[in-house]
Amino acid sequence: MDGPLTFYGETIGSRLLLGTAQYPSPQVLADAARASGAEILTVSLRRESGRLREGQDFWGLIQGLGVKVLPNTAGCHSVQEAVTTAQMAREVFGSSWLKLEVIGEADTLQPDVFGLVEAAKILTDDGFRGVPLHDH
């Protein structure tokens, strides 16, 4: 499985996707993103925009890296919460790509598979394009 990937007509040279959560500082995140060569960063609107000023600083940092943003619905425990978060993320990040997550079990973070299917149907009907990933 070498070589570039193509999603929805866009070719991505690196198969590495990098998350943006839990870095000790914005500078460490930026350094890691640059060093990794990843062309896609996953970003959770729920985690990154809780404090207005910090959310703006974070978004400026991501834009400055010149990478594609893959919004995700991390931390969502219901279909409605995931749909609302995805719609807000599309507005904020300007992307219809989505890494969809609906948590079914809070302790293990196992997905709610029925909720995922329901949310996926709603969101694809609304023009979202899911990126198939498995990260657990």
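The values are calculated or read from the model by the stated rules, or taken from the named source; none is laboratory data. This one's a predicted model, so the numbers in the text were calculated from it and none came from an experiment. Keep in mind that these areas ignore ligands, DNA and RNA; they rest on the heavy atoms of the full protein, side chains included. Shrake-Rupley method; radii C 1.70, N 1.55, O 1.52, S 1.80 Å.
With the helix formula -39500 (n - 2.57) applied to DSSP H stretches of n ≥ 4, the chain reaches a computed 222 nm mean residue ellipticity of -13000 deg cm²/dmol.
Distance distribution P(r), region 63-106, all Cα-Cα pairs, bin width 5 angstrom from 0: 5, 26, 27, 21, 11, 7, 3, 0 percent. Counting only protein heavy atoms and a 1.4 Å probe, the chain has 59 square angstrom of accessible area per residue. Taking all protein chains together and a 1.4 Å probe, the residues Val102, Val28, Val117 rank Val117, Val28, Val102 from largest to smallest accessible area. Within the listed set Ala30, Ala106, Ala74, the residue fluctuating most in the Gaussian network model of the chain (springs between alpha-carbon atoms under 10 angstrom) is Ala106.
Averaging the sequence gap over all C-alpha pairs within less than 8 Å and six or more residues apart, then dividing by the number of residues, gives the chain a relative contact order of 18 percent.
Within the full protein context, the accessible area of Leu16 is estimated at about 80 Å² for a probe radius of 1.4 Å.
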